[in-house]
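All remarks here apply to the structure that follows.
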Amino acid sequence: MSLPDIADRAEWLAARRELLAREKQLTSMQDALNADRRRLPMVRIEKEYAFAGPDGRVSLLDMFEGRRQLIIQHFMFDPEWEHGCSGCTASVDEISDGVIAHLQARDTTFALVSRAPIAKLEDYRRRRGWTIPWYSSTGSDFNYDFHVTLDESVAPLEVNYRTRAEIDGAPSAAWALQAKQPIEMPAVSAFLRDGDAVFHTNTTYARGTEYLAGAYTFLDLTALGRQEEWEEPKGRAAAPHDAAPDFS
């Protein structure tokens, strides 16, 4: 691996300032994208999905645990597998109890859902030392309806919002047409509760799941966002909702 070029302080500062301008541009674009995501319409969940939890049968509404929002990580774990997906495992390993506490402070519950039977999920969860709730969707249409299990004998093929016709001939998605089905897919879905009515607000697939780490990155996927306002000193205009202050 090659090392960076050597420069004096003035040269480094000029290069760093140039990069800073690009960083600010990217941050502004990300803030605008997050705002547009919050403005997405939502779809009421009409189907009665049933899941298996450690204490028995639960519904999607039960998963909220009384909170306003629910974030589900679609964890890749085929019923025939002995171990969960290594990439999904690594991502859950990085979700600390502090992240969960911060989400809950924003009235948001975080849970995992997989197709493997609950006994296998509970065993894997104990061995990993995780405390995040984990539910089995075995026997329901949930994974297929949200296109995180691809099986054309059950539902039409859809990969990251593209149909079979749209991905046919696309090199980046050729694997979806060639791989043996069923295929497990990683994703994160967000839901909003209004009373007992549950609404689907967003699902993020593929590359979008690679940048999830802290509580803010998860909240940015939801309809309610970060749910905080920056209080500006008197005499200054208020910062945009959910935008970090710019001290430049």
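Computed from the coordinates by the stated procedures, all read-outs in this text should not be read as laboratory data. Not measured: the values here are computed from a predicted model. Ideal geometry is used to build each Cβ from the backbone, glycine not excepted, and the neighbour counts take in all protein chains shown.
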Query raised in the report: Which option, [x] 49, 43, 40; [y] 76, 38, 30; [z] 62, 46, 40, is the value of Cα extents along the principal axes in Å that was calculated from these coordinates?
Result: [z]
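Given charges of +1 on the Cβ of Lys and Arg and -1 on the Cβ of Asp and Glu, with all other atoms neutral, how large is the dipole of region 43-219 about its Cα centre, in debye to the nearest 20? Please list the in-between numbers first.
Working: 17 positive and 25 negative charges, 59 e Å.
Here the size comes out at about 280 debye.
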Report task. Would you list which aspartates and glutamates come within 16 Å of Lys24, measuring only between C-alpha atoms, while excluding same-chain residues fewer than 8 positions from it? Result -> Asp242, Asp246
Query raised in the report: On a 0 to 90 degree scale, rounded to 10, what angle separates helix 118-128 from the longest Cα axis of the chain?
Result: 40 degrees
Query raised in the report: Using the count of nearby Cβ atoms within 10 Å as a rough guide to exposure, how do His147, His74, His83 rank from fewest to most?
Result: His83, His147, His74
Query - Partner aspartates and glutamates for Lys47 [C-alpha distance under 17 Å; skip if fewer than 8 residues away on the same chain] - result: Asp62, Asp141, Asp145, Asp194, Asp196
Report task. Excluding residues on the same chain fewer than 8 positions from Lys120, give the aspartates and glutamates whose Cα lies under 12 Å from its Cα. Result -> Asp78, Glu80, Glu82
Report task. Please give the contour-minus-distance gain from Gln30 to Trp175: 0.36 nm per residue of separation, less the Cα-Cα distance, rounded to one decimal in nm. Result -> 49.2 nm
Requested in this report: Enumerate the residues in region 91-109 having an amide nitrogen under 19 Å from the point lying 7 Å beyond the Cα of Met42 toward its Cβ.
Outcome: 103-109
Requested in this report: With label points built 7 Å along Cα→Cβ from the Cα atoms of Asp97 and Arg207, find their separation and express it in nm.
Outcome: 3.7 nm
Query - Residue exposure sequence - Met185, Met1 - by fewest surrounding Cβ within 10 Å - result: Met1, Met185
